[in-house]
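The values are calculated or read from the model by the stated rules, or taken from the named source; none is laboratory data. The shown structure was predicted, so the numbers you read here are calculated from the model rather than taken from an experiment. Glycine also receives a Cβ, built like all others from the backbone with ideal geometry; neighbour counts cover every protein chain displayed. Only protein heavy atoms, including side chains, enter the accessible area calculation; ligands, DNA and RNA are left aside. Shrake-Rupley method; radii C 1.70, N 1.55, O 1.52, S 1.80 Å.
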Amino acid sequence: MRRFVCLLLATLLALSLCGCGGTQESRLELFAMDTYMVITAEGGDTEGAVKSVSREISRLENALSRTIDTSSVSRLNADGGARLDEETASLLAAALTYSADTNGAFDVTIAPLVELWGITSDDPRVPSQEEIDALLPLVGSEHIHLDGREATLDEDCAIDLGGIAKGFASDKAADLLSRSGADRACANLGGNVYVYSREGHDAWNVAIQDPKGENDYVCILSLTDHFVVTSGGYQRYFTGPDGTVYQHILDPKTGYPVQGDLLSASVILPRSGDELAGTRADAYSTALYVMGESGAADFWRAHRDFDMVLVTTDGRVVYTPGLASVFHEAEGESYVCEQLAE
Ligand code: AMP
Ligand code: MG
(Lines give C-alpha, C1' and ligand atoms only; values in the text may rest on other atoms or scores of the structure.)
(Ligands and ions follow the chains in the order given, each with its own letter.)
Protein backbone atom coordinates (compact mmCIF):
# COMPACT_ATOMS: atom_id res chain seq x y z
CA MET A 1 0.00 0.00 0.00
CA ARG A 2 1.28 3.41 -0.91
CA ARG A 3 1.89 5.40 2.24
CA PHE A 4 2.90 8.95 2.63
CA VAL A 5 3.49 11.19 5.56
CA CYS A 6 1.09 14.06 5.85
CA LEU A 7 1.35 17.00 8.15
CA LEU A 8 -1.90 17.16 10.09
CA LEU A 9 -1.37 20.47 11.65
CA ALA A 10 1.42 22.95 11.95
CA THR A 11 -0.16 25.81 13.84
CA LEU A 12 -0.60 24.12 17.17
CA LEU A 13 1.63 23.60 20.17
CA ALA A 14 2.09 20.00 19.17
CA LEU A 15 1.54 18.48 15.80
CA SER A 16 1.08 15.02 14.47
CA LEU A 17 2.55 13.24 11.51
CA CYS A 18 0.46 10.39 10.22
CA GLY A 19 0.61 7.83 7.53
CA CYS A 20 -2.67 8.23 5.63
CA GLY A 21 -3.55 6.68 2.33
CA GLY A 22 -5.40 3.69 0.99
CA THR A 23 -8.12 3.31 3.66
CA GLN A 24 -11.11 5.62 4.07
CA GLU A 25 -10.28 8.62 6.21
CA SER A 26 -12.53 11.23 7.78
CA ARG A 27 -11.12 14.51 8.94
CA LEU A 28 -12.95 17.27 10.76
CA GLU A 29 -11.51 20.67 11.62
CA LEU A 30 -13.11 22.98 14.13
CA PHE A 31 -12.35 26.03 16.19
CA ALA A 32 -13.34 25.45 19.80
CA MET A 33 -11.98 26.21 23.29
CA ASP A 34 -10.15 29.13 21.71
CA THR A 35 -8.02 26.91 19.51
CA TYR A 36 -7.92 25.12 16.17
CA MET A 37 -8.64 21.39 16.41
CA VAL A 38 -8.38 18.49 13.97
CA ILE A 39 -9.96 15.07 14.43
CA THR A 40 -9.16 12.25 12.03
CA ALA A 41 -10.15 8.60 11.84
CA GLU A 42 -9.37 5.81 9.37
CA GLY A 43 -11.33 2.60 8.73
CA GLY A 44 -14.84 1.82 10.05
CA ASP A 45 -17.57 4.45 10.57
CA THR A 46 -15.04 7.24 10.60
CA GLU A 47 -17.50 10.01 9.79
CA GLY A 48 -19.77 9.14 12.71
CA ALA A 49 -16.74 8.94 15.00
CA VAL A 50 -15.25 12.34 14.19
CA LYS A 51 -18.67 14.02 14.30
CA SER A 52 -19.45 12.59 17.72
CA VAL A 53 -16.10 13.90 19.01
CA SER A 54 -16.82 17.34 17.62
CA ARG A 55 -20.26 17.44 19.27
CA GLU A 56 -18.72 16.37 22.56
CA ILE A 57 -16.11 19.12 22.41
CA SER A 58 -18.78 21.78 21.79
CA ARG A 59 -20.86 20.46 24.67
CA LEU A 60 -17.86 20.59 27.02
CA GLU A 61 -16.89 24.08 25.89
CA ASN A 62 -20.40 25.29 26.74
CA ALA A 63 -20.14 23.77 30.20
CA LEU A 64 -16.57 24.64 31.12
CA SER A 65 -15.66 27.96 29.52
CA ARG A 66 -15.01 30.89 31.83
CA THR A 67 -15.96 33.30 29.06
CA ILE A 68 -19.34 31.79 28.12
CA ASP A 69 -21.85 33.42 30.48
CA THR A 70 -24.18 30.44 30.65
CA SER A 71 -21.51 27.81 31.43
CA SER A 72 -21.44 25.95 34.76
CA VAL A 73 -18.09 27.59 35.50
CA SER A 74 -19.42 31.10 34.82
CA ARG A 75 -22.42 30.50 37.05
CA LEU A 76 -20.16 29.31 39.84
CA ASN A 77 -17.88 32.31 39.42
CA ALA A 78 -20.75 34.80 39.27
CA ASP A 79 -22.73 33.43 42.22
CA GLY A 80 -19.86 32.19 44.38
CA GLY A 81 -21.63 28.86 44.70
CA ALA A 82 -23.50 26.33 42.59
CA ARG A 83 -24.81 22.79 42.50
CA LEU A 84 -22.67 21.45 39.70
CA ASP A 85 -23.49 18.67 37.29
CA GLU A 86 -21.64 15.48 38.12
CA GLU A 87 -19.13 15.88 35.32
CA THR A 88 -18.05 19.43 36.24
CA ALA A 89 -17.91 18.47 39.92
CA SER A 90 -15.61 15.54 39.18
CA LEU A 91 -13.39 17.71 37.00
CA LEU A 92 -13.15 20.31 39.75
CA ALA A 93 -12.31 17.56 42.25
CA ALA A 94 -9.56 16.36 39.89
CA ALA A 95 -8.27 19.94 39.58
CA LEU A 96 -7.92 20.12 43.35
CA THR A 97 -5.92 16.89 43.33
CA TYR A 98 -3.56 18.17 40.62
CA SER A 99 -3.11 21.39 42.52
CA ALA A 100 -2.10 19.47 45.64
CA ASP A 101 0.14 17.14 43.56
CA THR A 102 1.99 20.04 41.97
CA ASN A 103 2.27 22.08 45.14
CA GLY A 104 0.09 24.78 43.61
CA ALA A 105 2.00 25.23 40.34
CA PHE A 106 -1.26 24.22 38.68
CA ASP A 107 -4.11 26.10 40.31
CA VAL A 108 -7.52 26.87 38.81
CA THR A 109 -8.06 29.71 41.29
CA ILE A 110 -5.61 31.68 39.15
CA ALA A 111 -8.73 33.07 37.36
CA PRO A 112 -8.73 36.62 38.86
CA LEU A 113 -5.13 37.10 37.68
CA VAL A 114 -5.85 35.60 34.26
CA GLU A 115 -8.66 38.16 33.99
CA LEU A 116 -6.43 41.00 35.24
CA TRP A 117 -3.69 40.38 32.66
CA GLY A 118 -6.16 39.47 29.91
CA ILE A 119 -3.34 37.84 27.95
CA THR A 120 -5.59 35.77 25.70
CA SER A 121 -8.25 38.50 25.55
CA ASP A 122 -8.58 41.31 23.01
CA ASP A 123 -7.35 43.77 25.59
CA PRO A 124 -4.21 42.52 27.38
CA ARG A 125 -2.25 44.87 29.61
CA VAL A 126 0.57 44.92 32.18
CA PRO A 127 -1.09 45.55 35.57
CA SER A 128 0.57 47.41 38.44
CA GLN A 129 2.24 45.52 41.30
CA GLU A 130 -0.52 46.87 43.59
CA GLU A 131 -3.20 45.31 41.40
CA ILE A 132 -1.38 41.97 41.39
CA ASP A 133 -0.81 42.07 45.16
CA ALA A 134 -4.50 42.77 45.71
CA LEU A 135 -5.52 39.59 43.85
CA LEU A 136 -2.79 37.16 44.96
CA PRO A 137 -4.56 36.32 48.26
CA LEU A 138 -7.49 35.00 46.18
CA VAL A 139 -5.28 32.30 44.64
CA GLY A 140 -5.11 28.92 46.38
CA SER A 141 -7.13 25.73 46.39
CA GLU A 142 -8.22 26.35 49.97
CA HIS A 143 -10.66 28.91 48.53
CA ILE A 144 -12.65 26.15 46.81
CA HIS A 145 -15.11 24.15 48.92
CA LEU A 146 -16.46 21.10 47.19
CA ASP A 147 -18.91 18.77 48.88
CA GLY A 148 -20.15 16.22 46.36
CA ARG A 149 -21.75 18.40 43.68
CA GLU A 150 -22.06 21.47 45.92
CA ALA A 151 -19.29 23.96 45.20
CA THR A 152 -18.66 27.29 46.90
CA LEU A 153 -15.87 29.79 46.42
CA ASP A 154 -14.56 32.25 48.98
CA GLU A 155 -15.50 35.87 48.36
CA ASP A 156 -14.16 37.37 45.09
CA CYS A 157 -12.51 34.07 44.11
CA ALA A 158 -13.09 32.46 40.72
CA ILE A 159 -11.92 29.44 38.75
CA ASP A 160 -10.47 29.03 35.27
CA LEU A 161 -10.40 25.47 33.88
CA GLY A 162 -8.46 26.61 30.77
CA GLY A 163 -5.45 24.57 31.88
CA ILE A 164 -7.38 21.25 31.87
CA ALA A 165 -10.55 21.64 29.80
CA LYS A 166 -8.88 20.55 26.54
CA GLY A 167 -7.32 17.59 28.33
CA PHE A 168 -10.73 16.61 29.67
CA ALA A 169 -12.16 16.92 26.16
CA SER A 170 -9.33 14.73 24.86
CA ASP A 171 -10.26 12.05 27.41
CA LYS A 172 -13.82 12.09 26.04
CA ALA A 173 -12.48 12.06 22.48
CA ALA A 174 -10.24 9.09 23.33
CA ASP A 175 -13.16 7.16 24.72
CA LEU A 176 -15.29 7.80 21.63
CA LEU A 177 -12.51 7.15 19.10
CA SER A 178 -11.17 3.99 20.70
CA ARG A 179 -14.70 2.52 20.85
CA SER A 180 -15.66 3.63 17.34
CA GLY A 181 -14.18 0.66 15.54
CA ALA A 182 -11.76 2.91 13.63
CA ASP A 183 -8.43 1.36 12.67
CA ARG A 184 -6.55 4.51 13.54
CA ALA A 185 -7.63 7.87 14.92
CA CYS A 186 -6.16 11.11 16.17
CA ALA A 187 -7.65 14.03 18.07
CA ASN A 188 -5.44 17.10 18.05
CA LEU A 189 -7.11 19.62 20.32
CA GLY A 190 -4.71 22.54 20.17
CA GLY A 191 -1.65 20.93 21.65
CA ASN A 192 -3.61 18.18 23.41
CA VAL A 193 -3.04 15.17 21.20
CA TYR A 194 -4.57 11.72 21.53
CA VAL A 195 -3.56 8.96 19.11
CA TYR A 196 -5.14 5.56 18.70
CA SER A 197 -4.28 2.53 16.54
CA ARG A 198 -6.20 -0.71 16.70
CA GLU A 199 -4.05 -3.82 17.13
CA GLY A 200 -2.23 -4.66 13.92
CA HIS A 201 -2.24 -1.05 12.67
CA ASP A 202 0.68 1.35 12.52
CA ALA A 203 1.54 3.52 15.50
CA TRP A 204 1.40 7.29 15.08
CA ASN A 205 4.35 9.59 14.83
CA VAL A 206 3.58 12.50 17.12
CA ALA A 207 5.86 15.46 16.61
CA ILE A 208 6.61 18.01 19.30
CA GLN A 209 6.66 21.42 17.69
CA ASP A 210 9.79 23.58 17.77
CA PRO A 211 8.75 26.46 20.06
CA LYS A 212 11.25 28.73 18.31
CA GLY A 213 9.87 27.84 14.92
CA GLU A 214 13.36 27.28 13.46
CA ASN A 215 12.54 23.66 12.64
CA ASP A 216 9.08 22.19 12.19
CA TYR A 217 9.54 20.00 15.23
CA VAL A 218 12.13 19.02 17.84
CA CYS A 219 11.43 15.29 18.08
CA ILE A 220 8.99 12.57 17.12
CA LEU A 221 7.39 10.04 19.45
CA SER A 222 5.99 6.78 18.01
CA LEU A 223 2.90 6.03 20.05
CA THR A 224 -0.54 4.52 20.15
CA ASP A 225 -3.35 4.96 22.67
CA HIS A 226 -1.43 7.77 24.33
CA PHE A 227 -1.95 11.43 25.16
CA VAL A 228 0.75 13.95 24.36
CA VAL A 229 -0.04 17.32 25.90
CA THR A 230 2.17 20.35 25.38
CA SER A 231 2.22 23.67 27.24
CA GLY A 232 4.32 26.57 26.17
CA GLY A 233 4.42 30.30 26.03
CA TYR A 234 5.16 30.66 22.35
CA GLN A 235 1.69 30.86 20.88
CA ARG A 236 -0.43 32.80 23.33
CA TYR A 237 1.26 35.95 24.48
CA PHE A 238 1.32 39.68 24.08
CA THR A 239 4.20 42.11 23.86
CA GLY A 240 4.23 44.91 26.46
CA PRO A 241 5.03 48.58 25.70
CA ASP A 242 8.72 48.02 26.56
CA GLY A 243 9.02 44.96 24.32
CA THR A 244 8.70 42.38 27.10
CA VAL A 245 6.83 39.26 26.00
CA TYR A 246 4.14 38.12 28.44
CA GLN A 247 2.88 34.61 27.77
CA HIS A 248 -0.37 33.10 29.08
CA ILE A 249 0.75 30.70 31.84
CA LEU A 250 0.96 32.47 35.19
CA ASP A 251 2.98 31.56 38.24
CA PRO A 252 0.39 31.31 41.04
CA LYS A 253 3.04 32.31 43.61
CA THR A 254 3.94 35.63 41.97
CA GLY A 255 0.90 36.43 39.82
CA TYR A 256 3.22 37.09 36.85
CA PRO A 257 3.47 35.28 33.53
CA VAL A 258 6.16 32.60 33.89
CA GLN A 259 9.58 33.79 32.72
CA GLY A 260 11.30 30.44 33.21
CA ASP A 261 13.91 28.29 31.53
CA LEU A 262 11.48 26.18 29.46
CA LEU A 263 10.13 26.91 26.01
CA SER A 264 7.68 24.05 26.27
CA ALA A 265 6.77 21.09 28.46
CA SER A 266 5.02 18.00 27.09
CA VAL A 267 3.52 15.24 29.19
CA ILE A 268 2.96 11.76 27.76
CA LEU A 269 0.55 9.31 29.38
CA PRO A 270 -1.11 6.10 28.18
CA ARG A 271 -4.92 6.06 28.19
CA SER A 272 -5.29 2.57 29.56
CA GLY A 273 -6.51 2.27 33.11
CA ASP A 274 -7.04 5.97 33.75
CA GLU A 275 -10.15 7.69 32.46
CA LEU A 276 -8.67 11.10 33.26
CA ALA A 277 -5.20 10.49 31.81
CA GLY A 278 -5.58 13.30 29.24
CA THR A 279 -6.81 15.69 31.94
CA ARG A 280 -3.90 14.86 34.23
CA ALA A 281 -1.41 15.24 31.37
CA ASP A 282 -2.90 18.68 30.67
CA ALA A 283 -2.66 19.79 34.31
CA TYR A 284 0.90 18.46 34.60
CA SER A 285 2.13 20.10 31.40
CA THR A 286 0.91 23.50 32.61
CA ALA A 287 2.48 22.85 36.03
CA LEU A 288 5.84 21.66 34.62
CA TYR A 289 6.09 24.82 32.55
CA VAL A 290 5.63 26.84 35.76
CA MET A 291 8.17 24.71 37.66
CA GLY A 292 10.97 25.10 35.13
CA GLU A 293 13.53 22.44 34.23
CA SER A 294 14.88 21.50 37.66
CA GLY A 295 11.47 21.67 39.34
CA ALA A 296 10.00 19.50 36.58
CA ALA A 297 12.87 16.99 36.91
CA ASP A 298 12.36 16.82 40.69
CA PHE A 299 8.62 16.39 40.17
CA TRP A 300 9.19 13.55 37.70
CA ARG A 301 11.65 11.82 40.05
CA ALA A 302 9.11 12.06 42.88
CA HIS A 303 6.26 10.61 40.74
CA ARG A 304 7.71 8.51 37.86
CA ASP A 305 4.20 7.68 36.68
CA PHE A 306 4.31 9.84 33.56
CA ASP A 307 6.77 10.72 30.81
CA MET A 308 7.77 14.17 29.65
CA VAL A 309 9.73 16.10 27.03
CA LEU A 310 11.10 19.49 28.04
CA VAL A 311 12.42 22.00 25.52
CA THR A 312 14.76 24.38 27.33
CA THR A 313 15.64 27.99 26.55
CA ASP A 314 19.31 26.95 26.22
CA GLY A 315 18.55 24.64 23.31
CA ARG A 316 18.10 21.16 24.82
CA VAL A 317 15.36 18.58 24.43
CA VAL A 318 15.23 16.59 27.68
CA TYR A 319 13.17 13.40 27.75
CA THR A 320 12.44 10.81 30.41
CA PRO A 321 13.88 7.25 30.16
CA GLY A 322 10.44 5.71 29.55
CA LEU A 323 10.44 7.34 26.11
CA ALA A 324 13.83 5.94 25.02
CA SER A 325 12.37 3.35 22.66
CA VAL A 326 9.83 5.72 21.03
CA PHE A 327 11.87 8.93 20.89
CA HIS A 328 13.33 10.00 17.54
CA GLU A 329 15.48 13.07 17.10
CA ALA A 330 14.45 15.45 14.35
CA GLU A 331 16.72 15.50 11.32
CA GLY A 332 18.97 18.55 11.08
CA GLU A 333 18.21 19.18 14.74
CA SER A 334 19.48 22.45 16.19
CA TYR A 335 18.68 21.21 19.71
CA VAL A 336 20.73 18.78 21.77
CA CYS A 337 18.62 15.80 22.85
CA GLU A 338 19.39 14.23 26.20
CA GLN A 339 17.78 11.62 28.41
CA LEU A 340 16.97 12.76 31.94
CA ALA A 341 19.11 11.00 34.56
CA GLU A 342 17.06 8.65 36.78
P1 AMP B 1 -2.31 25.17 29.09
O2 AMP B 1 -2.34 25.70 27.70
O3 AMP B 1 -2.99 23.87 29.27
O4 AMP B 1 -0.94 25.18 29.69
O5 AMP B 1 -3.22 26.15 29.99
C6 AMP B 1 -2.98 27.53 30.05
C7 AMP B 1 -4.27 28.21 30.46
O8 AMP B 1 -4.60 27.83 31.80
C9 AMP B 1 -4.13 29.73 30.48
O10 AMP B 1 -4.50 30.30 29.26
C11 AMP B 1 -5.04 30.11 31.63
O12 AMP B 1 -6.39 30.13 31.21
C13 AMP B 1 -4.88 28.98 32.61
N14 AMP B 1 -3.70 29.10 33.51
C15 AMP B 1 -2.67 29.99 33.46
N16 AMP B 1 -1.77 29.74 34.42
C17 AMP B 1 -2.25 28.67 35.12
C18 AMP B 1 -1.78 27.95 36.25
N19 AMP B 1 -0.61 28.23 36.84
N20 AMP B 1 -2.55 26.92 36.72
C21 AMP B 1 -3.73 26.59 36.12
N22 AMP B 1 -4.21 27.23 35.04
C23 AMP B 1 -3.48 28.26 34.55
MG1 MG C 1 -2.67 22.35 30.62
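Descriptive notes on the structure:
- For ARG184, residues with placed amide H under 5 Å, excluding near neighbours: GLU42, ARG198
- For the listed peptides 247-253, 100-106, a ranking on the average number of other beta carbons within 10 Å per residue, highest first, reads 247-253, 100-106.
- Residue-count net charge about CYS186 - beta-carbon cut-off 10 Å; Lys, Arg +1, Asp, Glu -1: +1
- Solvent exposure ordering (accessible area, 1.4 Å, most first) of ILE164, ILE68: ILE68, ILE164
- Treating each Cα of segment 133-213 as one equal point scatterer and applying the Debye formula with no solvent, the log10 of I(q)/I(0) at q = 0.14, 0.17, 0.19, 0.23 Å⁻¹ comes out as -0.71, -0.82, -0.89, -1.07.
- Ordering ARG179, ARG280, ARG27 by accessible surface, largest first, gives ARG179, ARG27, ARG280; the 1.4 Å probe counts only protein heavy atoms, with every chain in place.
- Accessible area, probe 1.4 Å, largest first, for residues TYR237, TYR217: TYR237, TYR217
- Estimated [θ] at 222 nm from DSSP helical runs (n ≥ 4, -39500 (n - 2.57)) normalised by residues in the chain, nearest 500: -9000 deg cm²/dmol
- Backbone N under 18 Å from the GLU131 label point (7 Å along Cα→Cβ), restricted to segment 147-177: 157-158
- Sequence-distant residues sharing a close amide H with ASP307 (under 5 Å, placed H): ILE268
- Taken over segment 151-293, the convex hull of the Cα atoms encloses 135 Å³ per residue.
- If you take all other residues with their beta carbon under 13 Å from the beta carbon of GLU199, and give Lys and Arg +1 and Asp and Glu -1, the sum is -1.
- The chain: C-alpha pair distances exceeding 38 Å, %: 13
- The Cβ shell under 10 Å around GLY255 holds other residues with a net charge of -2, Lys and Arg each +1, Asp and Glu each -1.
- Cross-link partners of LYS166 among lysines (Cα-Cα below 21 Å; sequence separation of 8 or more within a chain): LYS51
- Highest mobility in the GNM of the chain, judged by mean-square fluctuation with C-alpha springs under 10 Å and restricted to GLY181, GLY255, GLY213, is found for GLY213.
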